[in-house]
1. If R₀ is 41 angstrom, what is the calculated FRET efficiency for the pair residue 242 and residue 186, using the beta carbon separation as r and rounding to 0.05?
2. At 7 Å along Cα-to-Cβ for each site, give me the label-to-label distance between residue 266 and residue 252 in nm.
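Where a number appears in this text, it was derived from the coordinates with a stated rule and is not lab data. Computed from a prediction, not measured in an experiment: that's the story for all the values here. Please note: Cβ atoms are built from the backbone with ideal geometry, for glycine as well, and neighbour counts cover all protein chains shown.
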Amino acid sequence: MTHQCIAGHFNSRPASQRGAALLIALVVAALAAVIALNLIERGQTTLARTQALLNNERAYQYALGMDLLARDLIQEALADDSSPELLNGAWTPPFQVPGGRVQGRLLDQQALFNLNSLAHPDTAIRNQAQDAFERLLELLGLDSAIALELGDWIDGASVARPGSAGNSVYAGFRPPYRLAGVALAHPSELRWLRSMTPATYARLSSLITTLPDPELRININTTSPAVLASLLPEMTLEQAEQVLSNGPWRDLRGFLSQPQIEALALPGFERQLSVRSANYLAQARVRLDGIERDYFGLIQLGRTGYDFRWFSQGVP
């Protein structure tokens with residue numbers, strides 16, 4: 001009897017050991033599956049990240065070709081029989097590249113009001129630019145106090161204007177930094193002004209620029225009626241539209257001889273005008289594998305050729 005129980009006890013141990021081994025094997029298999037799945041997910045993530053980096057780098061390299069494209073566009077547009085629109089917003093035909101396409105265009109920055117003219121080292125020119133910016137705001141139905149606020153911020157001291165109360169039109173304004181005569185880096189800096197609302201900036205942003213050169217000089221072949229009218233105190237938007245509709249012009253003489261201009265032009269007005277531009281914003285639109293990317297670069301024409309002042313992705 002005792003012998004049978006002992007035998008039964010020894011016979012049951014292999015079965016329990018086999019159950020434990022099976023359980024351990026299942027746990028190991030589950031862990032292996034989890035580890036394998038994690039490795040696959042990591043591999044897929046790494047692959048997707050690598051592919052995204054490669055596509056981004058390819059797009060960037062294509063965009064660098066914007067330099068050559070811009071030079072061709074400028075040379076073509078400056079030909080005698082060309083249209084000024086080629087240098088202000090007209091897209092090139094799409095160029096097919098592996099995986100997508102590339103297009104480019106130029107945006108004439110001298111068609112816009114240069115805010116950095118408010119930081120001109122010559123006081124007379126600086127005040128003239130301040131007056132012109134105030135008129136631009138009034139023509140757009142915006143608060144002219146924006147010009148006073150900006151002038152104060154750039155100049156680094158309170159601005160007293162005729163007809164204003166006190167030394168500053170916005171007592172208590174405290175931006176995070178003061179420009180103190182330093183040029184604006186980008187038009188978006190206007191958002192720091194207390195009087196600048198999102199709606200106001202959206203209305204104004206298509207008419208302003210911040211160029212390295214503090215001169216206020218517009219291209220009469222590409223500018224807008226509002227910018228032109230801002231340079232002449234008595235000119236209306238309707239008059240500016242009529243004047244610009246008579247262009248384009250090869251030289252300033254034909255423009256200055258128009259009756260509306262002759263009647264309203266002030267001494268030195270011609271120094272604010274040009275028929276060609278030296279500053280362009282080049283835009284390259286790269287579409288690869290269904291994803292569209294925009295690249296921008298500020299081109300400055302000079303005696304030595306073409307100079308890219310800055311290059312950015314997604315932000316003009």
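1. With a Förster radius of 41 Å, E is 0.75.
2. Going from the residue 266 label point to the residue 252 one covers 1.6 nm.
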